[in-house]
Amino acid sequence: MAIAHPFLYEKPGTVKQALQLLAQHGAGARVLAGGTDLVGQLVDGLVRPEIVVDLKGVPDLQEIRMEKDVIHIGALATFTDIMESPLIRKKLPVMAEMTEWVASRGVRNRGTMVGNICSAVPCCDSGPILLVYGGKVLVKSARGQRAVPIAQWFTGPRRTVLAPGELVLGVRVPDPGKHGGAFVKMRRYKGEDLAQASVTALLLAGNQWRIAFGSVAPTPIAGKRVEKLLHGKRLTPALVEEAVALTDQETAPITDIRSTREYRAHMLRVMMRRALEAAASRKAGRGPAYGTELI
Amino acid sequence: MKIQFTLNGTPHDLEVEPSDLLIDVVRDRLGIKSPKRGCGKGDCGACTVLMNGRSIRSCLVLAAEADGQDLATVESLSANGPNDLQQALIRRNAFQCGYCAPGVILAATELLARQPHPSEEEIREAIAGNLCRCTGYEAIIDAVRDVAKPTRKPARARKGAKR
């Protein structure tokens with residue numbers, strides 16, 4: 001269980017140096033942040049880079065900060081950093097709620113949110129959270145910089161729009177203002193399991209809703225039909241049932257090692273109901289505290 | 001490539017390959033055998049070491065990444081014999097085969113450093129990533145609770161506390 005494939009290792013001290021290395025090696029370079037995905041892939045021989053570029057020598061990339069009305073989460077911010085950030089807990093409580101249930105403490109101490117969306121597995125918990133909060137991925141290369149809306153980021157399982165030579169500097173989330181939300185994650189046991197399915201709901205001012213699903217499609221996906229149904233309306237029990245009924249149309253769960261398609265589909269309806277009700281009650285200042293398990 | 005780090009208070013200068021994993025350097029080069037190879041994928045927690053006081057998976061860390069860092073294994077806790085936590089685990093007969101023990105002890109050590117008054121939920125959460133196939137966890141949780149300082153205030157005061 002060692003790494004059989006040799007590679008070069010560089011730890012640049014600036015973004016500029018990192019971009020030079022990425023430009024020089026193109027698809028032969030892999031970027032290392034926390035390593036909780038990449039090192040496992042190196043051990044398994046799934047990736048065989050010429051060079052591993054460790055970002056941890058670049059200052060400031062670990063920062064979580066407010067810039068005017070945008071929350072910036074640097075590429076090196078770990079799940080623990082995000083979970084313990086007073087800024088995130090205040091401004092993006094559903095993101096904080098999600099980080100508490102990612103893997104285990106030992107993985108959260110190392111793994112990063114940016115790494116999570118770059119690995120882009122269908123069950124990545126950061127995807128639905130960034131979808132509901134309208135996050136953008138800040139990408140830089142030797143040619144320039146671009147901000148990719150998260151809705152355009154994922155292109156398939158383990159695939160994103162990130163091109164060789166490009167580096168993600170962080171994610172940027174607009175301040176959503178007063179809101180309520182819920183991240184409901186189903187897994188086989190409490191602790192560190194990957195999501196069998198997840199439903200995220202966010203209620204913004206003016207009864208605008210944002211809905212997203214994880215682990216039930218090739219990528220994290222937004223629940224556009226439910227968002228449209230709920231738009232501008234006050235949540236009533238009848239409306240909740242209409243939204244629950246739409247869940248089957250929004251998602252395409254499969255049977256795999258963690259669950260059957262039928263169980264996922266059934267539980268998605270349960271989770272949708274609880275996510276909507278919790279989001280609405282939290283926005284009203286009631287409801288279960290963030291971090292309370294809803295299933 | 002050359003790296004240097006501190007392990008259990010002792011500085012080390014080493015020549016390693018970029019592809020060397022931290023667990024192999026700690027176990028095979030430095031002879032510190034408490035971190036165990038379990039799943040090799042970050043799931044089981046047997047390979048846990050502390051890096052700058054935080055628990056990490058040494059099977060998912062390159063030795064190169066440890067350059068300049070402060071590492072600790074369970075050996076660092078018992079320079080003067082088993083510490084309070086270890087004694088509580090012994091009293092509770094909390095382990096059988098012991099393969100998970102170093103990782104569990106380090107995870108609990110990290111928790112108690114961060115939160116000296118953990119609730120049972122916090123204890124369970126802190127060791128959730130350390131799989132034990134012998135004991136069913138109850139005695140481990142009891143032992144951590146034995147050494148945790150009592151919660152400062154009873155439930156009434158905690159109700160409004162920020163999470």
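Would you check which residues across the range A:24-39 are assigned to a loop (DSSP other than H, G, I, E, B) and either open to solvent by 50 Å² or more (accessible area, probe 1.4 Å) or at the interface with chain B (Cβ under 8 Å from one of its Cβ atoms) (or both) and list them?
Residues of the range A:24-39 that are assigned to a loop (DSSP other than H, G, I, E, B), as a first pass: A:33-37.
Residues satisfying the conditions are A:Gly35, A:Thr36, A:Asp37.
Taking the range B:7-22, which residues are part of a strand (DSSP E or B) and either open to solvent by less than 60 Å² (accessible area, probe 1.4 Å) or small (Gly, Ala, Ser) (or both)?
Listed by number, the residues that qualify are B:Leu7, B:His12, B:Leu14, B:Leu21.
Conditions (1) part of a loop (DSSP other than H, G, I, E, B); (2) within 14 Å of another protein chain (Cβ to nearest Cβ), marked per residue:
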site: A:Glu97; (1), (2): no, yes
site: A:Ala103; (1), (2): yes, yes
site: A:Val114; (1), (2): no, no
site: A:Pro128; (1), (2): no, no
site: A:Lys140; (1), (2): no, no
site: A:Ala151; (1), (2): no, no
site: A:Leu169; (1), (2): no, no
site: A:Gly177; (1), (2): yes, no
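Please specify each residue of the range A:52-71 satisfying the condition of being within 10 Å of chain B (Cβ to nearest Cβ) and touching a Pro at 6+ places or on another chain (Cβ under 9 Å).
Filtering the range A:52-71 down to residues within 10 Å of chain B (Cβ to nearest Cβ) leaves A:52, A:54, A:56-57.
Residues satisfying the conditions are A:Val52, A:Asp54, A:Gly57.
Sort out which residues of the range A:61-80 are outside any loop (DSSP other than H, G, I, E, B) and either more than 17 Å from A:Arg110 (Cβ to Cβ) or in contact (Cβ under 8 Å) with a residue 40 or more places away in the chain (or both), and write them in order of number.
Across the range A:61-80, the qualifying residues are A:Arg65, A:Met66, A:Glu67, A:Val70, A:Ile71, A:His72, A:Ile73, A:Gly74, A:Thr78.
Could you list, ordered by first residue, the pairs with Cβ atoms under 7 Å in which the first is in the range B:126-151 and more than 14 Å from chain A (Cβ to nearest Cβ) and buried (at least 23 other Cβ atoms within 10 Å of the Cβ) and the second is in a helix (DSSP H, G or I) and of a type in the set (Gly, Ala, Ser), at least 6 apart or interchain?
B:Ala143/B:Ala88
Does any residue in the range A:92-110 that is touching a residue at least 24 places away in the same chain (Cβ under 8 Å) and farther than 21 Å from B:Cys59 by Cα come within less than 7 Å, Cβ to Cβ, of a residue that is outside any loop (DSSP other than H, G, I, E, B) and of a type in the set (Ser, Thr, Tyr) six or more places away or on a different chain, and which pairs are these?
Cβ pairs passing all conditions: A:Leu92/A:Tyr133; A:Val94/A:Thr200; A:Met95/A:Tyr133.
B:Leu30 fails exactly one of the following numbered conditions: (1) at pLDDT below 95; (2) surrounded by fewer than 20 Cβ atoms within 10 Å (Cβ to Cβ); (3) not polar (S, T, N, Q). What is the number of that condition?
So the condition that B:Leu30 fails would be (1).
Take the range A:116-126 and flag every residue that is in contact with a helix residue (DSSP H, G or I) (Cβ under 8 Å, 6 or more places away or on another chain) and assigned to a loop (DSSP other than H, G, I, E, B).
Selection gives A:Ala120, A:Cys124, A:Asp125.
Assuming B:Gln4 fulfils every condition listed in (1) surrounded by fewer than 16 Cβ atoms within 10 Å (Cβ to Cβ); (2) among the polar types (S, T, N, Q); (3) more than 14 Å from the chain's Cα centre (by Cα); (4) within 11 Å of chain A (Cβ to nearest Cβ) apart from one, which condition is it?
(4)
Being open to solvent by 20 Å² or more (accessible area, probe 1.4 Å), within 11 Å of chain A (Cβ to nearest Cβ) and out of contact with any Cys (no Cβ under 7 Å at 6 or more places or on another chain) is the filter here; which residues of the range B:36-79 pass it?
B:Cys39, B:Lys41, B:Asp43, B:Cys44, B:Asn52, B:Gly53, B:Arg54, B:Asp67, B:Gly68, B:Gln69
Go through A:Pro93, A:Pro86 for me and flag whichever is open to solvent by less than 20 Å² (accessible area, probe 1.4 Å) and within 10 Å of another protein chain (Cβ to nearest Cβ).
Values: A:Pro86 fails: open to solvent by less than 20 Å² (accessible area, probe 1.4 Å).
Every option except A:Pro93 fails the conditions.
Out of A:Leu162, A:Leu203, I need the residue that is aliphatic (A, V, I, L, M), more than 15 Å from the chain's Cα centre (by Cα) and crowded, with 24+ Cβ neighbours inside 10 Å. Which one?
Result of the check over A:Leu162, A:Leu203: A:Leu203.
The values are calculated or read from the model by the stated rules, or taken from the named source; none is laboratory data. Bear in mind the structure is a predicted one, so any value in this text is a computation, not a measurement. As a convention, Cβ positions derive from the backbone with ideal geometry for all residues, glycine included, and neighbour counts pool all protein chains shown. The area values use the complete protein model at the heavy-atom level, side chains included, leaving out ligands, DNA and RNA. Shrake-Rupley method; radii C 1.70, N 1.55, O 1.52, S 1.80 Å.
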